[in-house]
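Taking it in order: structure first as structure tokens, then the write-up.
Derivation of every value follows stated rules applied to the coordinates shown; laboratory data play no part. These numbers were taken from a predicted model, which means no experiment stands behind them. Cβ atoms come from the backbone with ideal geometry, glycine included; neighbour counts cover every protein chain shown.
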Amino acid sequence: MSDDSTDADGPTTEHPAPSRLRSALSSVDSVDRGRLAALCLALLAAAVALLVAAELFPYRSLNHDEGVYLQQAELLLHGRLFLRPPVEEAFRPWFFVESDRGLYSKYAPVPAAVFALGKALGGYPLALAGVAAGLVAGVVALGRELFDARVGALAGALLLLTPLFVVHSGVYLPYALTTALNVAFAVAYLRGERRGTLRDAAAAGLAVGAAFFSRPYTAVLFALPFVAHAGVTLLGSVRRGRLDRSLLARRLVTAAGGTAGVLAALGYNAVVTGDPLVFPYLAFAPSDGLGFGRRAILGHEVAYTPELGVRANALVLADLFSEWVVAGRVGTVLAALGVALALLGRSVVPGGRVRPGLLAATYLTVAAGNVAFWGNYNVLGALEDGSDGLVHYLGPYYHYDLVVPTAVFAALVLVAAADRFRRGVTARAADRDGRLLDAGRGRAFVALVLVVCAAAGGAVAVSAVDEVADRDAAVTAEYRAAYAPLADEGSTAAGTSLFSSSPPTVGASGEGDAVVFVPTPYGPWLNHPFQTLRNDADYDDGTVYALGDTRELAVAAAFPDRDLHRYVYAGSWVPTDDSTVRAAVVPVSRVSGERAVLDASFDLPEGAESATVRVHADDGSTYLVATDAEGSISLSAAAAPGRLTVSGPGLEPASGSGEEGNASVSLPLTDDDEVFVEVFVETGPASGFSYEVVFPVERIDRPDGEGVRALSPTVERCPVPTRCVPRAVDDSPSGVGVNATLSAVSDGADEPNESADG
């Protein structure tokens, strides 16, 4: 088509485009389409990360390490490495190590520093968006460096459709970040070899050093093929009798960058653990290391043999290549064909087979190296159950690096297949004289076939993503119901905003001026399992969360001006069991006086045969029996300095626990004690239930002598001893219930009494 136009009434005249339009068109033509594709895919990856974090993981995932990294990020934002809580026993976060200088994370600070940077720029999720964008852009660059721009762009698109990438784009874990650093290392190393530049060599060294500081073993396994290539090529240069000084300079510069990362990691160890060779995770659990033999952490122990390692890793790899790479088994087959094409095909790679061979070799080093890491056994849960363990919800994340070569080699074979198909159609469209029958129709047919294939393949890939996302969505639904009482009316809970992952606030007027005691279903740890309920590093911003039943009075004294609450729930805290807990936030009151008196009444259902009361404190216990098991039981437990007195109408001391006929018994109290009242109701020869009322009490000095202070009690009904239902969420049948009130009693007329309803 000509640039000239013909006027019907006159000669041909030229109509040049305006200069600005010509300039714009020229600029568009000069754009590197490969880089434009990388930019678009990176922005799409960032959007995916923000969406996944906000919609799929608003309350964080099943992996409670997320809370560890975010708590560590809070520390770094305050310019500190150590956490110093006001009451250490009540504020120890999950996976933090005790030391003389405070509590520190068992993990390296690099991921937390990246998350902290996101928070400083506007919100933690921005860090996730940046990591996702950087990883996709890196894979595009890697595919382009090894093959061409089309392979790079398609590899980035395939990574976006990889279930492991999608899920981890929205979680605060180190695996995507470390892989992004590894990919940056690979791209810079390969560019440095092609260009012969020191700048690329330096970038490679810094990237692998940062990856080592982030996750040392992961970085080493990925870098091994490249390190071997660096050594072999340098040694080959020496053996040829002429030392390549440019090659030597590049190797030294890369080694210097990597060594800087190693030294940074060792220096950090020296600061926090006191020994450069003791990593924080080993300080936390000395038997939680690489290799075989006895491996243990927090009571979980196994004899990790090579046989067990091989079996566990075989299961992990099977899971990875069937569910968690792009398009599952289809993507795995495509990647395998891509590896064969790159290593065995003719003239596929301009630079030869060695360069793609380095990437392909990471399959071997990552897979083989992980056999020595017992974490792969732990993520599986029960080995015989394919739906158990973290791997079912978050994938085989210790093998995260392998999604990169899978995306690149699958893209290679798809591009090669498309090229061959296009050439075949073009050849068959020629007639016997060598002329094209219809070039336009041939191109349209090729485009149509490729679009149909892409749509079909995309549907398979999206289906794989949807399948794993649905599992995590079910977990989030349970979390949403469980955390609902902690969110202020009209606000969103932790992380439901695209740019916020702050914990919910609880307090008067929604101002977050509260201390919330949380239960300990998994042991004496904060953020485990309640990882959205995190504290500010200074314990002065928003709601403060403390462990329930752990020095509660000391916590109350540390925050005298804050409202107190307890978060309680009924049911089993297992977000994967399709059973949602019933939860509530219960106000807690402080009382103090010469005595603290618990007045409680316990309903007895019709047909109850007997009722027994047990009152327990640190230094002793006493028993009473009800003389009448109809209606209800009432009792009073008065705590005074050093002594607890229990009495009640219709109650008699059990045999051997006091004088016959005496309706009042007492037992000693320590200066810092916990009073436990249990009423067991027998409803049959082998059936019954119990009520439990518990409150902390401690001796204090008052202007007119000694007294006590206490907090309002927790009140529960226990259908069985191991399953108790807090009164605030109890849906017990009619005729079953308990009321308990704790009051401060003082003889001085000028001091008002206080009361607290449990």
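Some notes on this structure:
- At the listed q of 0.04, 0.10 Å⁻¹, the Debye profile of the chain, built from one uniform point per Cα, gives log10 I(q)/I(0) equal to -0.25, -1.06.
- Computed E for Asp466/Ala382 - FRET, C-beta separation, R0 30 angstrom, nearest 0.05: 0.75
- Each Lys and Arg contributes +1 and each Asp and Glu -1, all at the Cβ; summed about the Cα centre of the range 292-367, the dipole is approximately 320 debye.
- For the pair Arg240 and Leu343, the difference between a 0.36 nm per residue extended length and the Cα-Cα distance amounts to 34.5 nm.
- Tensor-based shape of the range 127-227 (alpha-carbon gyration tensor, a/c under 1.5 rounded, otherwise prolate or oblate): oblate
- A crude spin-label estimate for the pair Arg723 and Cys40, with each label 7 Å from Cα along the Cβ direction, gives 5.6 nm.
- Axis of helix 65-77 versus longest Cα principal axis of the chain: the two differ by about 90°, to the nearest ten degrees.
- Computed from Cα atoms alone, the Kirkwood hydrodynamic radius reported for the range 591-757 is 16.3 Å.
- Ser610 paired with Ser636, simple spin-label distance in nm, labels 7 Å along Cα-to-beta-carbon: 2.8
- In nm, spacing of pseudo-spin labels at Asp32 and Tyr522 (7 Å Cα→C-beta vector): 4.5
- Reducing the range 78-96 and the range 192-244 to their Cα centroids gives an inter-centroid distance of 39 Å.
- Most to least packed among 390-398, 471-479, 514-522, 295-303 [average Cβ atoms within 10 Å]: 390-398, 514-522, 471-479, 295-303
- On Cα atoms only, tilt of 124-146 relative to the major axis of the chain in degrees: 30
- Cα centroid separation - the range 153-185 against the range 674-690, whole Å: 54
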